[in-house]
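Notes follow the structure.
What follows draws every value from the coordinates through simple rules; no lab data is involved. Because the structure is predicted, anything quoted here is derived from the model rather than measured. Cβ placement follows ideal geometry from the backbone for every residue including glycine, while neighbour counts extend to all protein chains displayed.
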Amino acid sequence: MKNKEYLESSSTQQLQEKLLKLQAFSSSKLTQEEQILKKEISEFLYLNNEDDSEDARLRKISKDIKITTAYSFVNKEIEEEIDIITAECVFGMNVFRDFFAGMTDFFGGRSEASQKVLRDARQNCLQELKIEAARIDADGVLGVDLDYSEISGKGKGMLFLVASGTAVKFKK
């Protein structure tokens, strides 16, 4: 009941900010209550999305766009190659993640913080690629390639990711 009241009394922006804060941590580091709240905020925002903007429309359409690193789709015949499309994403690793990643580099082992940033970057960039495909009325994207780069300077580390591929229309 407490969460329901919180969800209904908060603005969409406040909920999105809270969700971002909760998503910054792996589920194993969240309390059970925080995990439940995270799930409920996600569902609430999804179900109460009354955004009828062009971006919201493209996000909805993009869910049906198929992507592959291959040069063909199984059981799909290509009618037209529309264009080469790209999505570029830049992600900052916050100070704490940089610090703990540095400690892992020094002592050895896997850096969960860095792995999470890479995973989130990949998922977001592929979603952006699907949105670009939806923008030009494509049904799929072939030959998807991901290129990672690091941009650093003045004590700040940024991850630059580019996803590219060929947008296609399927024969109906």
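Before moving on, here are some points about what is shown:
- The slack in the chain from ALA24 to TYR6, taken as 0.36 nm per residue of separation less the alpha-carbon distance, amounts to 4.5 nm.
- Karplus-derived HN-Hα couplings along region 61-75 (A = 6.51, B = -1.76, C = 1.60, θ = phi - 60°), whole Hz, x at Gly and Pro: 5, 4, 4, 8, 6, 8, 10, 7, 7, 6, 9, 7, 10, 5, 6
- Stretching ILE61 away from GLU77 to a fully extended chain increases their span by 3.7 nm, per 0.36 nm per residue minus the current alpha-carbon distance.
- Length gained on full extension, GLU40 to LYS156: 38.4 nm, using 0.36 nm per residue less the C-alpha separation.
- Charged neighbours of ALA70, selected by a Cβ distance under 12 Å, balance to +1 (K, R count +1; D, E count -1).
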